[in-house]
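**Student:** Shown below is the structure under consideration.
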Amino acid sequence: MPFWAAPVLRLLALAVTALAVGLTVDDVAGWVLLAAGLASAYAYHLIQLARLTRWLDRSRSEKAGAVPESSGEWGDAFAALYRLRREEQAGRERLSDSLERLSQAAEALPDGIVLLDTMMRIEWCNSMATRHLGIDAVRDRGMPITHLVREPAFAAYVKEAGNVDPVVLKNASPPVRTLSLSMIPFAESGRLLISRDITAIELADTVRRDFVANVSHELRTPLTVIVGFLEGLAAGNVVDVPGLARQHALMHEQALRMERLVEDLLTLSRLENDTEPPREDTVDMPGLLESLREEASALSGGKHLVELGEVSAGSVRGSTDELRSAFGNLASNAVRYTPEGGKLVFNWRIEDGCPVFSVEDNGIGIPPEHIPRLTERFYRVDNGRSTATGGTGLGLAIVKHVLARHQGWLTIRSEIGRGSVFSAHLPRQRLVATHPCA
Ligand code: ADP
């Protein structure tokens, strides 16, 4: 039945009743009945219309509450309105869920994202962009991006509308970081500004460049010596026999220096590239300490007193070769940086349940400002002394890598002129338990 059928039937019924009253009672009564019927129908519709208007007014302010209830044609209209409202609410919820997911995805990105309009004004940004560029998504909305990122290089980049290579900015204030900013056009005229933290990549690049420069520098000196002598010989600069022997000895020494350097470089590269965990040998520590003592005495050539101090019982789990090489480096450093007559003590003890190998010497010591950098490749406090004693500048870098592969760490205590203590700490789970604290 169409919605108008019921009201029309009601009107017809009213008209027929009013006519019947007019014919049977009198005319006036018929007209009064008709007028009263029409007036009450009009009032009823007015009331329903008022309820609808009030509800529509409130729905604009989101405080509408439930759709009004009624019967008849108004009931149908209100029910249709209720359905429409539910569908619209469900659509809005779906949309806000999608928006929420999109914004969560944007927040999870490791890069900063800024949405810009045609005039390069900020429309929105994620929190990584806030961290990178100091932009506040609410406060800075509508601000031109160039007012907030005030770098001439960036302004030039924006002027080119991003049609050139990404711009690299260095953030001088802490946290110091290097950012790469690139702009991508999207939709009709929008721009997406992406900020990427490339500090680690830059650092790795610098480390690689420094490393190549350092290796070249280390190799150049011995090569210059050898090439110089060989060229002299080729040019017929004949020297006497003792002179030749001296030159030969010097060339041999320089060749050995290069060999040591290449060996250390290979060891370091193996340690750095080995993704496999170290071998799980059972390393007999008291036995290893005794052989380290013998090697250090041989290296010292009787110029130092080399002793074992505290030697706990027990073994550790790890790579025998790697640990021997790391501890051996600490021992040979102690010999090389302790003047003749000095004393070296090797200890193996359990501290707070963790095994610790330490080498104490009463040698030249290290100024405190150098200590944090000693494990960097080619870092030396005294270049001359290191080279003169056959150092490659890579020993402590090797120690650090070996310990890291065994989840251990190195600590250094030192005082200029009084000596140093280098301690290699290993985690307690590497101890093959014979000690009560383990
Ligand atoms: P190097 O081959 O030069 O000895 P290392 O990496 O083994 O390289 O050591 C780095 C630097 O740390 C050395 O050049 C030296 O200046 C300092 N150093 C290491 N061990 C000692 C020590 N026992 N006493 C004083 N200085 C040391």
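The values are calculated or read from the model by the stated rules, or taken from the named source; none is laboratory data. Just so we're clear, the structure is a prediction, and the values are computed from it rather than from any experiment. In this analysis, Cβ positions are derived from the backbone assuming ideal geometry, glycine residues included, and neighbour counts consider all displayed protein chains. Please note that ligands, DNA and RNA were not included when accessible areas were found on the heavy atoms of the full protein model with its side chains. Shrake-Rupley method; radii C 1.70, N 1.55, O 1.52, S 1.80 Å.
**Student:** Relative to the longest principal axis of the chain, what angle (0 to 90°, nearest 10) does the C-alpha long axis of helix 241-273 take?
**Tutor:** Roughly 30 degrees between the two axes.
**Student:** Continuing with the same structure: Suppose every Lys and Arg Cβ carries +1 and every Asp and Glu Cβ carries -1, with no other charges. What dipole size does the range 109-197 come out with about its Cα centre, to the nearest 20 debye? Let's see the in-between values first.
**Tutor:** Details: 10 positive and 10 negative charges, 51 e Å.
For this selection, approximately 240 debye.
**Student:** A further question follows. Lysine pairs in the chain with Cα distance under 30 Å, only those 8 or more apart or on different chains: how many are there?
**Tutor:** Details: Lys159/Lys170; Lys303/Lys343; Lys303/Lys400; Lys343/Lys400.
Lysine pairs meeting both conditions in the chain amount to 4.
**Student:** Out of residues 5 or more away from Val167 or on other chains, whose amide H comes under 5 Å of its own, with H placed 1.01 Å from N in the peptide plane?
**Tutor:** Answer set, sorted by chain and number: Leu181.
**Student:** Would you tally the net charge around Arg279, using a Cβ to Cβ cut-off of less than 14 Å, leaving Arg279 out, and scoring K and R as +1, D and E as -1?
**Tutor:** Computed value for this residue: -1.
**Student:** Another question about this same structure. Would you mind checking which residues have amide H under 5 Å from Val311's amide H? H placed 1.01 Å from N; only 5 or more apart, or other chain.
**Tutor:** Those qualifying (amide H under 5 Å, at least 5 residues apart or on another chain) are Trp348.
**Student:** Would you mind checking the tilt of helix 27-60 against the longest principal axis of the Cα atoms of the chain, expressed as 0 to 90 degrees and rounded to 10?
**Tutor:** Helix 27-60 and the main axis of the chain meet at about 10 degrees.
**Student:** Another question, if that's okay. If exposed means no more than 14 neighbouring beta carbons inside 10 Å and the site is in a DSSP loop, what's the longest run of the chain without any exposed chymotrypsin sites (Phe, Trp or Tyr not before Pro)? Kindly include the intermediate steps, with their values, before the conclusion.
**Tutor:** On the way: sites that count: Phe3, Trp4.
The answer is 5-438.
**Student:** For the chain, with a Gaussian network of springs between Cα atoms less than 10 Å apart, report the residue from Arg85, Arg257, Arg270 with the top mean-square fluctuation.
**Tutor:** In this elastic network of the chain, the residue with the biggest mean-square fluctuation among Arg85, Arg257, Arg270 is Arg85.
**Student:** Another question, then. Which value, in Å to one decimal place, does the Kirkwood hydrodynamic radius take for the chain when every pair of different Cα atoms is included? Kindly include the intermediate steps, with their values, before the conclusion.
**Tutor:** Details: mean 1/r = 0.0322 Å⁻¹.
In the chain this quantity evaluates to 31.1 Å.
**Student:** Expressed as a whole number of Å, what is the distance separating the alpha-carbon centroids of the range 292-313 and the range 132-189?
**Tutor:** Here the two parts' Cα centres lie 61 Å apart.
**Student:** Right, another one. Can you give the accessible area per residue of the chain, in Å², using a 1.4 Å probe? Walk me through the numbers on the way to the answer.
**Tutor:** On the way: 26330 Å² over 438 residues.
Ligands and nucleic acids excluded, the result is 60 Å² per residue.
**Student:** In the range 194-283, which GluC sites (Glu not before Pro) fall in coil by DSSP and have 11 or fewer other Cβ atoms within 10 Å? Write down the numbers at each step before the final one.
**Tutor:** On the way: sites: Glu202, Glu218, Glu231, Glu253, Glu259, Glu263, Glu272, Glu280; in loops: Glu280.
Sites meeting the loop and neighbour criteria: Glu280.
**Student:** As I understand it, the value is the acute angle between the Cα axis of helix 395-405 and the longest principal axis of the Cα atoms of the chain; what does it come to in degrees, rounded to 10?
**Tutor:** Once rounded, one gets 40 degrees.
**Student:** Report, to the nearest whole %, how much of the accessible area of the range 109-197 belongs to carbon and sulfur atoms, 1.4 Å probe, protein only. Before the final figure, lay out the partial values.
**Tutor:** Numbers: 2870 of 5080 Å².
Carbon and sulfur atoms account for 56 percent of the accessible area of the range 109-197.
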